[in-house]
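The values are calculated or read from the model by the stated rules, or taken from the named source; none is laboratory data. Keep in mind it's a predicted model, so treat the numbers as computed, not measured. Just so you know, the surface numbers come from the protein's heavy atoms only, side chains and all, with ligands and any DNA or RNA stripped out. Shrake-Rupley method; radii C 1.70, N 1.55, O 1.52, S 1.80 Å.
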Amino acid sequence: MAETLEIQDAPVYTYALASADMRYIEVEHREVYLRNDPELGLVFRGEIPGCGAGCFVDLSQILLEYAMSCEGCREQGLAAQEVVRFGERLAEILVSNTAQAMAELPARESLSRAFRFVLNSMGAALTAASTEDRLEFSLDCCPFSECAKTSALGHNAELALQSFAALCSSLVQALAPDWVLLQPAQAHLTLPVRKIVLASV
C-alpha cells in the first residue's frame with residue numbers, strides 16, 4: 001500500500017482556466033489539491049468544483065493549463081516569469097506539507113521522496129537509480145508529450161517545462177542545498193523530458 005500523509009481537505013492553489021479549457025465545461029477556475037492516492041500515495045490533483053472525478057487532472061495538465069492561462073500576457077517575458085513563480089509556489093506547498101514527515105530523513109532520501117511525489121503526480125512511469133551522491137529518474141515517456149496528445153494544450157509545453165524545472169530546482173534548494181539539479185537544466189530546457197538527474201556537490 002502506498003505511503004500516505006495527513007492532509008487538509010482544502011485546495012492549496014486555484015488558477016483561472018483559459019477559454020480553450022472551457023469548451024465543454026462552463027467553469028472559471030481549477031482547484032489544486034494534495035490527495036492521498038491509494039496506489040501512488042500523496043499527489044497533486046487538479047479538480048473543478050462540483051464536476052466530479054471526470055474533471056480530475058494530473059500535474060502535467062495542471063502545468064500545461066497554467067501555461068495557457070499566461071498566453072495573454074502582453075509584456076515580453078511576463079508569461080515565463082509567471083510560470084516559473086507557479087512552479088516555485090508548488091514546491092513551497094509540497095515542502096511545507098511534508099516537512100514533518102521528512103524532517104529526520106537524510107537529504108538524498110528527502111529528495112528521492114519529493115521527486116517520486118512529483119513524478120507520481122504526473123502519472124509518469126519511471127525507473128530510479130541512486131548512489132550516495134546521485135539520483136536519477138528515467139521516464140518511460142515524457143509526461144508533457146503524453147498529456148498533449150490527449151488535450152489541446154501541446155503548444156504550451158515549453159512554458160510548462162519552465163514551470164516544471166522551477167518546481168524541481170526549488171525542491172532541491174529547499175530540501176538539500178548541497179545538491180544540484182543537473183537535468184532538466186534551466187539553461188538548456190528541451191522537450192521531451194525523459195530524465196531527471198540530481199547530484200551532491
Legend entry - Per-selection Rg to Rh, segment 95-148 - Cα, Kirkwood hydrodynamic radius: 1.03
Legend entry - Whole-number percent relative contact order across segment 83-201, with pairs defined as alpha carbons under 8 Å at least 6 apart: 34
Inset, instruction - Work out Dmax and Rg for segment 76-201 from the C-alpha atoms and quote the Rg first, both in angstrom. - result: 14.2, 43
Inset, instruction - Write down Rg/Rh for segment 26-67, rounded to two decimals, with Rg from the C-alpha atoms and Rh from the Kirkwood relation over Cα pairs. - result: 0.97
Inset, instruction - Mind ranking SER60, SER112 by accessible surface for me, highest first, 1.4 Å probe? - result: SER112, SER60
Inset, instruction - For segment 152-199, restrict the atom set to alpha-carbon positions and state the Rg and Dmax in Å. - result: 11.4, 39
